[in-house]
Amino acid sequence: MAIRIETDQDLRAALDALAHRERRILGCRFAERVGALCSDARVHQAIAIGVDPASPPEALAEAFRIAKAHATRTYTDCGKDTDWMAQAEHFVAAAASAALAPEDVRRDARNPAWKAAVQARMAINCAMMEDDTQSESAEVEAQYALAREARG
């Protein structure tokens with residue numbers, strides 16, 4: 001029987017049931033879904049490393065540094081003159097960074113895949129201000145589907 005994920009509470013419970021590696025992969029898949037909103041090829045490469053179950057620890061550490069650096073660099077664009085697409089790009093990198101964060105770097109007990117999901121939704125929300133083809137509800141449903149797939 002397929003697992004039911006129809007609400008954010010269901011999603012959080014499903015994400016909490018995953019092992020760290022599975023959380024990283026799923027969180028990067030969330031970031032990958034909104035990746036078109038980011039123009040930085042290095043962030044795309046970091047996400048690709050994160051979704052690969054065979055990525056070695058050194059590559060994952062470098063991918064985290066790349067995503068975190070881009071999220072930090074683009075953070076200054078948030079809130080000034082409301083460049084919505086620049087903010088969307090920031091949130092894509094933040095989603096990747098959240099998913100790729102090693103266990104010893106995370107400063108709170110929150111699930112990194114959940115943080116990536118929320119950051120990806122923020123990217124969509126920003127893009128919606130400029131692009132009426134974007135849909136947060138479609139993104140939420142896609143995240144639920146990805147989590148169902150990951151849970152088997």
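With the condition being farther than 18 Å from W114 by Cβ and touching a Lys or Arg at 6+ places or on another chain (Cβ under 9 Å), I'd like the helices (runs of 4 or more DSSP H) fully within region 1-94 carrying at least 2 qualifying residues. Spell out how you get there, then give the answer.
Numbers: elements: 8-16, 20-33, 41-51, 57-75.
In region 1-94, 57-75 are the helices (runs of 4 or more DSSP H) which contain 2 or more residues that are farther than 18 Å from W114 by Cβ and touching a Lys or Arg at 6+ places or on another chain (Cβ under 9 Å).
Can you tell me how many residues in region 84-122 are among the hydrophobic types (A, V, I, L, M, F, W, C) and more than 14 Å from R29 (Cβ to Cβ)?
So in region 84-122, the residues among the hydrophobic types (A, V, I, L, M, F, W, C) come out as 84-86, 88, 91-96, 98-101, 105, 109, 113-114, 116-118, 120, 122.
Right, trim to more than 14 Å from R29 (Cβ to Cβ) and you get 84-86, 88, 91, 93-94, 101, 105, 109, 118, 122.
Qualifying residue count for the region: 12.
Of (1) part of a helix (DSSP H, G or I); (2) touching a residue at least 24 places away in the same chain (Cβ under 8 Å); (3) under 17 Å from R23 (Cβ atoms), E103 satisfies all except one. Which?
With (1) part of a helix (DSSP H, G or I); (2) touching a residue at least 24 places away in the same chain (Cβ under 8 Å); (3) under 17 Å from R23 (Cβ atoms) applied to E103, the lone miss is (1).
Of all residues in region 50-70, how many are under 19 Å from D104 (Cα atoms) and in contact with a helix residue (DSSP H, G or I) (Cβ under 6 Å, 6 or more places away or on another chain)? Before you say what the answer is, go through the steps one by one.
Taking region 50-70 first, the residues under 19 Å from D104 (Cα atoms) are 50, 55-69.
Next, from what is left, pick out any that are in contact with a helix residue (DSSP H, G or I) (Cβ under 6 Å, 6 or more places away or on another chain): 50, 55, 59, 63-64, 66-68.
Matching residues across region 50-70 total 8.
Which is in contact with a Ser or Thr (Cβ under 6 Å, 6 or more places away or on another chain) and modelled with pLDDT of 95 or more, of A63, A96, A67, A48? Explain how you work it out, then say what you get.
On the way: A63 fails: in contact with a Ser or Thr (Cβ under 6 Å, 6 or more places away or on another chain); A96 fails: in contact with a Ser or Thr (Cβ under 6 Å, 6 or more places away or on another chain); A48 fails: in contact with a Ser or Thr (Cβ under 6 Å, 6 or more places away or on another chain).
Going through A63, A96, A67, A48 in turn, the sole match is A67.
Could you tell me which numbered condition V118 fails, if it satisfies all but one of (1) closer than 23 Å to Q87 by Cα; (2) modelled with pLDDT under 95; (3) β-branched (V, I, T)?
Evaluating V118 over (1) closer than 23 Å to Q87 by Cα; (2) modelled with pLDDT under 95; (3) β-branched (V, I, T) leaves (2) as the failure.
Within region 122-138, can you find the residues that are closer than 17 Å to E6 by Cβ and either crowded, with 19+ Cβ neighbours inside 10 Å or among the small types (G, A, S) (or both)? Spell out how you get there, then give the answer.
Initially, region 122-138 is screened for residues closer than 17 Å to E6 by Cβ, giving 136-138.
Across region 122-138, the qualifying residues are S137, A138.
Take the conditions touching a residue at least 12 places away in the same chain (Cβ under 8 Å) and not charged (D, E, K, R) and apply them to A138. Does it pass?
Working: touching a residue at least 12 places away in the same chain (Cβ under 8 Å): no; not charged (D, E, K, R): yes.
In short, no.
Based on what the data block shows, is C28 under 23 Å from T7 (Cα atoms), under 15 Å from the mean Cα position of the chain (by Cα), open to solvent by less than 50 Å² (accessible area, probe 1.4 Å) and modelled with pLDDT under 95?
So C28 fails the test.
May I ask you to verify whether A116 is in contact (Cβ under 8 Å) with a residue 24 or more places away in the chain, more than 16 Å from I3 (Cβ to Cβ), touching a Cys at 6+ places or on another chain (Cβ under 8 Å) and assigned to a helix (DSSP H, G or I)? Give the derivation first.
Values: in contact (Cβ under 8 Å) with a residue 24 or more places away in the chain: yes; more than 16 Å from I3 (Cβ to Cβ): yes; touching a Cys at 6+ places or on another chain (Cβ under 8 Å): yes; assigned to a helix (DSSP H, G or I): yes.
It is true that A116 is in contact (Cβ under 8 Å) with a residue 24 or more places away in the chain, more than 16 Å from I3 (Cβ to Cβ), touching a Cys at 6+ places or on another chain (Cβ under 8 Å) and assigned to a helix (DSSP H, G or I).
Taking the residues in region 139-152 that are open to solvent by 40 Å² or more (accessible area, probe 1.4 Å) and of a type in the set (A, V, I, L, M) as candidates, determine which candidate is nearest to H20 (Cα to Cα).
First, the residues of region 139-152 that are open to solvent by 40 Å² or more (accessible area, probe 1.4 Å): 141, 145, 148-152.
Add one more test, that the residue is of a type in the set (A, V, I, L, M), and what stays is 145, 150.
Details: A145: 19, A150: 13 Å.
Taking the candidates together, the pick is A150.
The values are calculated or read from the model by the stated rules, or taken from the named source; none is laboratory data. Quick caveat: nothing in here was measured; it's all calculated off a predicted structure. All Cβ positions, even for glycine, are placed from backbone atoms using ideal geometry, and neighbour counts span all protein chains on display. Side chains are part of the model used for accessible areas, which takes the heavy atoms of the whole protein and leaves out ligands, DNA and RNA. Shrake-Rupley method; radii C 1.70, N 1.55, O 1.52, S 1.80 Å.
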